[in-house]
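See below for the structure under consideration.
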Amino acid sequence: MSTETVDSLAERLQRIEAALEHLIRQRTVKDWYSTQELSELVGKSEYTCREWCRQGRIRAEKKRSGRGKFFSWVISRDEVARIEREGLLPVARQ
């Protein structure tokens, strides 16, 4: 085999491994998801997911984040499944 062929195969193998790792992370079932994890699942930015939490477009809770007195949004497994099935909740009127 030539060096080019080996390099090509190594590059392809790396892409396959990265894709598998992404699929495994995506399908790992957790009780609670952070806004970062939700953003990866739905293909939106973390900022957008935090805004959805703040606006009540998804059902989320604030929990201690391990950063002192600061809290972070978390989304339950059931809510993630609901979002995937039904989409966002309507914008709350004030």
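The values are calculated or read from the model by the stated rules, or taken from the named source; none is laboratory data. As the structure is a computational prediction, the values presented were derived from the model and not from experiment. Cβ placement follows ideal geometry from the backbone for every residue including glycine, while neighbour counts extend to all protein chains displayed. We work out accessible area using only protein heavy atoms, side chains counted, and drop any ligands, DNA or RNA first. Shrake-Rupley method; radii C 1.70, N 1.55, O 1.52, S 1.80 Å.
Computing Cα Rg over 2.2 N^0.38 Å directly from the structure and comparing it against (i) 1.50; (ii) 1.29; (iii) 1.35 singles out (i). In straight-distance terms, cross-link reach from LYS44 covers every one of the lysines whose alpha-carbon lies under 23 Å from its own, apart from those fewer than eight places away in the same chain; here that gives LYS30, LYS62, LYS63.
The HN-Hα couplings worked out from phi for the stretch 13-24 by the Karplus form 6.51 cos²θ - 1.76 cosθ + 1.60 (θ = phi - 60°) are 4, 4, 5, 5, 4, 5, 5, 5, 4, 4, 5, 5 Hz, whole numbers, x standing for Gly and Pro. The trypsin sites (Lys or Arg not before Pro) of the stretch 30-94 that DSSP puts in a loop, and whose beta carbon has at most 16 other beta carbons within 10 Å, are LYS30, LYS44, ARG59, LYS69, ARG93.
Here the Karplus relation 6.51 cos²θ - 1.76 cosθ + 1.60, evaluated at θ = phi - 60°, turns the backbone of the stretch 5-11 into coupling constants of 5, 5, 4, 5, 5, 5, 5 Hz, with x for every Gly and Pro.
At 1.4 Å probe size, with every protein chain present, just tell me what the per residue accessible area of the chain comes to in Å². Present the calculation step by step, with values, prior to reporting the outcome.
Numbers: 7420 Å² over 94 residues.
Heavy-atom SASA per residue in the chain reads 79 Å².
Which percent of the accessible heavy-atom area of the chain goes to carbon and sulfur, probe 1.4 angstrom? Working shown, then result.
On the way: 3830 of 7420 Å².
Reported share for carbon and sulfur atoms: 52 percent.
Karplus-derived 3J(HN,Hα) values for the stretch 63-80, using 6.51 cos²θ - 1.76 cosθ + 1.60 with θ = phi - 60°, are 10, 4, 9, x, 10, x, 7, 8, 10, 10, 6, 9, 10, 6, 4, 5, 5, 4 Hz; glycine and proline are entered as x. Taking the helices alone, the chain has a mean residue ellipticity at 222 nm of -18000 deg cm²/dmol, built from -39,500 (n - 2.57) per DSSP H run of at least 4 residues and averaged over all its residues.
Sequence-distant contacts, meaning Cα pairs under 8 Å at least 6 residues apart, place the relative contact order of the chain at 25 percent.
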